[in-house]
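Structure first, commentary second.
Computed from the coordinates by the stated procedures, all read-outs in this text should not be read as laboratory data. Since this is a predicted model, take the numbers as computed values, not measurements. Neighbour counts are summed over all protein chains in view; Cβ atoms, including those assigned to glycine, are modelled from backbone coordinates with ideal geometry.
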Amino acid sequence: METLWLTVLGVLTVGYFALAGFDYGSGLLLALPRRYVSSHRKRDETYRLVTPFFLGNEVWLVAAIGVLFAAFPRLEGELLSGAHSTFTLLLAGLVLFMAAVQLRLWWWLVFTGALMVSVGWGLFLAHLLHAPWPVALVMPVLFAVHGWVFQTRRWKLFPVTALLCALPIPLAFSSIDVTGLMAHDDTLGLLAWVAVPIIPLVVLAQWSIVAISSR
């Protein structure tokens, strides 16, 4: 049962970073020089490309957090220990990014939200690895490259950049010993009847959207 829920959490986390990564990357690209994306037309095109995805992509994050709290009720304490400011930055960035995209606010608010989320995940990666803060720059760079691949429709590169965005934090997370941090087996068994049938549907729906958009 432990292996099952670690797999479920891993799938949801990888799915979130693989898909939501190009949302944040597209937002980061708005700060490129004028000849690339600064015109109103190109900004509107960026919003048009991102809008069908960004709310759906956050479903992966919500689901992963739900699994974390339900199946690993004591693990969030381990993760939050010493990283409260990082998660505050992440939450503020998520709210700003979603509001700015959905309401078509100024481009620099979209960029700021994307930057806050990207740096926040980078700081969390550094926290998990006990690494110096410059490691935090890894995630914004990966997201920006992933966003560029998505914006330019270079679909042959998409699986590569998706994998690069998806793996750093789950791999760092795998170094944590979860022994004694999971819920009781009876609780995990009950949750399995709810979560396991739903996850394949989420995966199918999200990748169907990506496949339709790539045409």
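Please compute the net charge surrounding L94, taking Lys and Arg as +1 and Asp and Glu as -1 over other residues with Cβ under 15 Å from its Cβ. Overall, the nearby charge balance is -2. Sorted on the mean count of surrounding Cβ atoms within 10 Å across their residues, most packed first, peptides 137-148, 66-77 read 137-148, 66-77.
With a cut-off of 14 Å between beta carbons, the residues surrounding V117 carry a summed charge of -2, where Lys and Arg count +1 and Asp and Glu -1.
Given the peptides 99-105, 23-29, arrange them by the average over their residues of other C-beta atoms within 10 Å, most packed first.
Those peptides, ordered most packed to least, come out 23-29, 99-105.
For S81, the shell of other residues with beta-carbons less than 15 Å away shows a net charge of -2, using +1 for Lys and Arg and -1 for Asp and Glu.
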